[in-house]
Every structure is written in structure tokens, then in C-alpha cells.
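The values are calculated or read from the model by the stated rules, or taken from the named source; none is laboratory data. The structure displayed is predicted, hence computed values, not measured ones. Don't worry about glycine lacking a Cβ; one is built from the backbone with ideal geometry, like all the others, and counts go over all protein chains shown.
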Amino acid sequence: MTNCEAHIGRVPITWVQILHQPHHIFCHFSSSKMDLKAVIFAVCCAIYYLSGGRVTFVIAAATWYIYSQRGNSTLMPEKPSPILEVDFTHAYMPHEKTVFPKAVPLSAKPKKVTRRTKSPKVFKGTKLQKNSAEPSLTANTFKLTESPIYVFYTTLTGSSHRVAKALHEKLSNIDELSVPPKLLSLDDDVDDLEEFFMKTPKSSKPNIYLLVLPSYETDSPIDYFLEHLQETSQDFRVDKYPLRPLAGFAVLGLGDSESWGGAKFCYQARLADKWMGKLGARRLFPLGQVCMKHEGEPKAYDWINRFAELLADDEPFHVDENDAVDDSDAEEEEIDPASDVVDVEDMGAIIRASNGSLTAMEPKQMVAQDSPTFKSLTKQGYTVVGSHSGVKICRWTKSAMRGRGSCYKFAFYGIRSHLCMETTPSLACSNKCVFCWRHGTNPVAKLNWRWEVDPPEKVLHGALEGHYKKIKQMRGVPGIQMDRFEEAFQVRHCALSLVGEPIFYPHINEFVGMLHEREISSFLVCNAQHPANLEALAKVTQLYVSIDAPTKQDLKKVDRPLNSDFWERLIACLDILRTTQAHQRTVFRLTLVKGFNMGDIKSYADMVERAQPSQIEVKGATFCGSSAGNGNPLTMQNIPFYDECKDFVTSLVSELNSRGQTYELAAEHAHSCCILIAHTKFHINGVWHTHIDYPKFFELLKSGQDFNALDYVKETPAWALWGSDEAGFNPIDTRYDRKAEKLKKKEARDAQAAHVQAIASGM
């Protein structure tokens, strides 16, 4: 068979070639264009033939073939593919060398990026470059005594004012000072915080800021100062470091380490020190923290003296340039750059940032039971209801129960004082009026409710319970009439005017609705600083708006508002009274303070003309004691006499009539120094109808139909009318003149003493 040829797939192959060069044969078949199946079949047939049909030899041949392929793979010629034989290298050669980025394996995780969780991205301003260098000795190019010095303070009880005044006096006595220092109250003297803490006053030398700040657990004006600093630091629209032009700052904190120790001690002063630094200001002196309960003022004076020594010292001092813009306290976390949501697993960082709990994220109480505000209000006769409401028995309630007369609301509107409850669902207010009874001891608020919210059921139940407890305490008072004492346990009227801003309560409509369900009338008083709340207000029996001054300048002086846009808010409320709330029985409440708001009659007429109220109450302010330390400048000289109030209302009505406005003097209550001006639409058939038909009001309310102020009016009694001999005093009651009674008692004592002396001399 050596000379024989086999024809497989038209390819001549000798058996010698099959036996001796099997790999060449395989390559031959592989390189041909034969069908692969035919090649495999031919090789298998040849092996089977040579082995004599034995399977063992077939397996051995296959094993040998596989081994020969592994061992002699280098001997097998590799013919290049026809496609790869075409060389395109020169055709696509780039003119310049291209460097491609290093490939990233698909299995590799994307690189994590870090983000500050407290501060947003800033697009304007320049940030100081941090370095690891140690703080260096730095000297000013000018003397600190050449810088204008501003001493800022805020106070509730007067302690901070005294310390700030002492600091101001100490600095004023330094002969080297080029400019006398200025003492400014953050509550009253600084109209706009941006003028000082977003910009700085222009001067030839950089300014120095000194801050004397107390710390309160309750809400106070200092909260808004701190919020301003924080918001300025986080506002990308402004320069991130607006206080860098300052020569420096220092903060003196006052607190109570005994009652408010630990983290609460001087915490607001610490926050001010922190945010001043973040805004670019340089710290001139370490933060002072003084406990005022334990030799507080001497320690504060020690801080003052040491700071005064610093001003005269021209020696360089250590300054860490990174300190002013240090953000090291901001928590950092690794986040997925593709995700902006917080995963549940990431809450661990938030919990760690809040000292292991989530309590820091929860709203606090407006008036906590262990706060100074709670103690102060309780001492003043308030019953604090829940965490933000209050109730207090009025002196006119006590007077009515003794048959000594009711307040002006009885003369004007028919409200019997011993059936009236004074309460408020919000003790916080956005103003600090000079005539306020509380002298600024109640909480303050600006725009948003940020405390815990008690449900209206709790507020109403607590208010009634607190009111009735106060009534029970009157049972042993001499002169209490039993019939009125028993009637007093059925409240028929609710004056939402006590203190604070009742319309600020988020559930005010639900609360008023619950009053009406019990057939308790609602007299709600607001301060014209919350137009959105006023517009959304539901039906009340009578709606008051306090108009404490006719111009922007006077209003700022009288109300001392917290909102910078206070005038615009008041004007918006006037427009709401004329439009959205025109269905209500509306009343302007003017509190006259001599020397503050009694001069501009025409501007008052402008406001009446704009809002078109149903009535205008004009009342002289009540003197409740002076509080100069709290910024309350009132004295008895600022309290108008009744004749002065009468002159005011006469001039106001005359001005309104000259403009075609139909308002007239309707009623008066001389005992309260209060006069009512009413629109002539309440003068029906020649008779004034300023009183309210309360059963009719509730009947209309239950019917669900629309109604206005004229649908539930009632005739005003003759003794309450303007110019009556009674001057608003109900004849069935007994007039009680405290001064006259004191005089009678003194005369009786003198007569008795004279009688005893006569008997003794006769003996």
C-alpha cells in the first residue's frame, strides 16, 4: 500500500504520508477548503483501517495525535489570515502622538467623594487656603486703639445690659482710643442685622466688635441673631467671609452654671463665637463664660479689664489664619456621587452628630416647665397650658364678680366680664411693644412656628381648667356675689388677646371652631404681622387688628418688631381686612402712648380709609411699671389722661368726615380710658347697634349661610353711649373708687384717733 494513493475530498494522499506525517496531513486538510466534516471522517477511517478495526488502536492513535499537537505546536506553520495581511498602519498614522487615559477595570468601585454635610457649595467669595503651618505671630499694621469699637448686647432681665454698659464705660476711659466706643442693643438699636453682620460700617480703620450675650433656654431675640449669622455663612449668594474686614471680635457670655450647666451653659455665646469666626472675623480675645449666680459681675469685670489691657498692647500675638474659616466641626461622610438621598445606613453619621440620639432633630417646647420664662409667667399669674398656651384671670373678671363693674367690652359689645376667659394659644409674639404688660419676658417669634404643637383639644381643655381654678380661688375674697360666682363657671366669651400672637397658632381655626361648638364667642386680636395667617382665618365673632402707630418710623419705635419688613406686612393686613375678611366684624385697636404715637392724625385716617374697619377702639396705655433694663422706656409721663384721649378721637373723626368717611363717636368707657368710633352703618334708625346678639351669631353660624357684621347686631344701652352721664358704667353695679375708699378709711382712722384722744384728755 506504499504506492497507493487515496483520494479524499479530491486531494491525493499516500498512505505513507498518513503513517509517517500525520500532523502534515492534518495541516493539509485544515488549510484546504474542504468541508470540516469530510476531513474528520477521512482521518477516522484511515486510523480505523490501519488498526485492523481495533478500538484500542484508535484510542492510542488519538492519544498520540493529541500529544504530538501539544509537543510540536511550534512546528505547525501558522499562515496569517488574509484580512490581516493588508497593512493599514501608514494610512491611519496620526500626525501627533495621542495619549489615551488609563483604563479602569469594570470590577473596580467608583471612587468615593467627600461632602460637607453642614455647609452648602459656595459660588462667590474667596476661601482662604488652609495649610498645616502652626499659628504664627501676627502684628497689626495699626494700633487697635485706632479702631472704632462697637459693643453689642441683648438682654431680657437686664444683667447683660449692665455688663455691656460697664464694658462700654471701661473702654470710654481709655485715653488712647481715637474714636469713642458705641453701645448698641441688638434688640432695639440695630434696625437691620445685615448692616453690621453682612456688611461692616465704613471707617478709616477696621472695626472691632464686642458682644455681651446671655444664654436662654427659651426663645429670645438672640436666637434670630444667631440664625442670621448661620444663614449668612451658608448663603451662596453672598461673600462667604463678609466679616474679614474687621480688626477682630470678642464674645463675653453670661449664664447660670447651676440651673443651666453642661452644654447649656453659655451655649448661645459659644455659637456666636463660632459663627463670627466662620464669617471671617479674627478672634482678638478668648471667649468669656461667666456664671452670674456666683460672683458673676466681678468675674465679668475681670474679663473686661483684661480685654482693655489688650487694646493698649502693641505686642504681636498668636493668630491661626485658618481659625477664622475653620470648618473642622462639620461632619464629613463618604457618599455615592450619583445619589442625593440619605440611605438608612447613613443615619449613623447623623445620630453620631447628635450625640447618639435624634433628639436634636426634634422641635423643642416654646415654654418648658423648667425654663425661666415658665417661672416668670407663673409668677405673674399665668397658668401655662401645655407647652405654648396660657390663661389668666382678668382684674375686670374679679371686679364683675364683686359687683364693681365690667370692662369696656361690656359697654361696647355686651360681654359680661365674669363670663369672659382671657387666653392665648400662642405665648410667642413677633413684637416687643413698649406698652406690653410682660416687659419682653414672653417668648418671641418671627415668621415660622418651630416648636412642638399641642392639639386644639388640649389647649381648650387646659385653658378652661386653668380659668376655673382661678375662679375657685376667688371664693374667699370679700364682696364676691354668689350668683355671679356660680355663673362664672360657664364661660360664654373668649378673648384671644392675653399676650403673644394667637393667630400664629397653626390650628387656630380648629380652636375657634371648638369654641363656637360650645357657644363661646371669639374675640381675636392680632398684631398685623402675619398676613398669610390672617387671610386664612375662619369666621370669628369679632376680629381685632392692633394699629399701634400710623407711620413706619413710629411703629418701629412703639412695637419694636422683629421682622425687618414689618411695615409691608401691616399694609398687607389692612388690604386683607378690606377684601378677604370683609365679611368679618373688624375692629382697629389703637393704644395711645403719649410721646410715641399720638401726633399724626392724618396718617391714622389714611389707614382707616384703606382698611374700612367696622369700628375703631381707642384706648390709653396702662402703666405697668418701668423696665429700663429691658429697653422699656415708659414712665407715667407717657400715659395719656382721658381728656387727651377724647381730644384725639374727636380730631380723628373730624379728619375722617372731611374725607367723606362715615365714622362717628358711638360709645365710651371712661373707667378704662377707652372710646369707640363706629361706622354709621351701625347707627340704625337713629340708634347705635354696637352690641352683639350672640344667640343670633351662633344661629347664623350653624346654618352654614353667608352673613356679615350687620346680621347679628344689638342695640347699645343708653348708659354706654358717647356723652352719657354714666360714661359707660353699668348703673346696676356699684362704683368703687379705690382712691376715694382709701381716703374714707384714712378719715375714719383719724376720727377714731381723735375720739380716743378726747376721751383720754377728759379723764
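Check off (1) more than 22 Å from Gln542 (Cα to Cα); (2) in contact (Cβ under 8 Å) with a residue 12 or more places away in the chain for Asp706 and give me the number that stays unchecked.
(1)
Going through the range 174-194 one residue at a time, which ones are in a loop (DSSP other than H, G, I, E, B) and among the charged types (D, E, K, R)?
Hits for the range 174-194 are Asp175, Glu176, Asp187, Asp188, Asp189, Asp191, Asp192.
Pick from Thr586, Thr591, Thr541: which is surrounded by 19 or more Cβ atoms within 10 Å (Cβ to Cβ), modelled with pLDDT of 90 or more and touching a Gly at 6+ places or on another chain (Cβ under 9 Å)?
Result of the check over Thr586, Thr591, Thr541: Thr591.
Determine whether Glu644 is in a strand (DSSP E or B) and over 16 Å from Ile415 (Cα atoms).
no
Could you check Thr397 against (1) in contact (Cβ under 8 Å) with a residue 60 or more places away in the chain; (2) more than 29 Å from Tyr694 (Cβ to Cβ); (3) in a helix (DSSP H, G or I) and say which number it fails?
For Thr397, the exception is condition (2).
I'm trying to understand the selection: among the residues of the range 173-193, which are small (Gly, Ala, Ser) and farther than 30 Å from Lys432 by Cα?
Answer for the range 173-193, where residues must be small (Gly, Ala, Ser) and farther than 30 Å from Lys432 by Cα: just Ser178.
For Gln705, work out the one condition from (1) within 40 Å of the chain's Cα centre (by Cα); (2) crowded, with 18+ Cβ neighbours inside 10 Å; (3) of a type in the set (S, T, N, Q) it doesn't fulfil.
Of the numbered conditions (1) within 40 Å of the chain's Cα centre (by Cα); (2) crowded, with 18+ Cβ neighbours inside 10 Å; (3) of a type in the set (S, T, N, Q), the odd one out for Gln705 is (2).
I need the full set of residues from the range 464-490 which are of a type in the set (A, V, I, L, M) and either more than 17 Å from Phe523 (Cα to Cα) or at pLDDT below 95 (or both), in order please.
Ile471, Met474, Val477, Ile480, Met482, Ala488
Pick out, from the range 537-626, the strands (runs of 3 or more DSSP E) lying fully within it that include 2 or more residues that are in contact with a Pro (Cβ under 6 Å, 6 or more places away or on another chain).
Per the criteria, 586-592.
Taking the condition of a type in the set (D, E, K, R) and at pLDDT below 85, does Lys446 pass?
So Lys446 fits the description; yes.
Among the residues of the range 453-491, which ones are small (Gly, Ala, Ser) and either farther than 14 Å from Leu419 by Cβ or not in a loop (DSSP other than H, G, I, E, B) (or both)?
Within the range 453-491, Gly462, Ala463, Gly466, Gly476, Gly479 qualify.
Cβ contacts < 7 Å: first residue on the phi > 0 side of the Ramachandran plot, restricted to the range 262-289; second residue β-branched (Val, Ile, Thr), any location; separation 6+ or different chain. Result?
Gly280/Val325
Please find, among Glu510, Glu519, the residue that is of a type outside the set (S, T, N, Q), in contact with a helix residue (DSSP H, G or I) (Cβ under 8 Å, 6 or more places away or on another chain) and not in a loop (DSSP other than H, G, I, E, B).
After ruling out the rest, the residue left standing is Glu510.
Here's a check for you: in the range 205-218, which residue that is assigned to a loop (DSSP other than H, G, I, E, B) and touching a helix residue (DSSP H, G or I) at 6+ places or on another chain (Cβ under 8 Å) is surrounded by the fewest Cβ atoms within 10 Å (Cβ to Cβ)?
Top of the filtered list is Lys205.
Does any residue in the range 530-541 that is farther than 11 Å from Phe504 by Cβ and charged (D, E, K, R) come within less than 6 Å, Cβ to Cβ, of a residue that is at pLDDT 95 or above and in a helix (DSSP H, G or I) six or more places away or on a different chain, and which pairs are these?
Note: pairs meeting the criteria are Glu535/Ile576.
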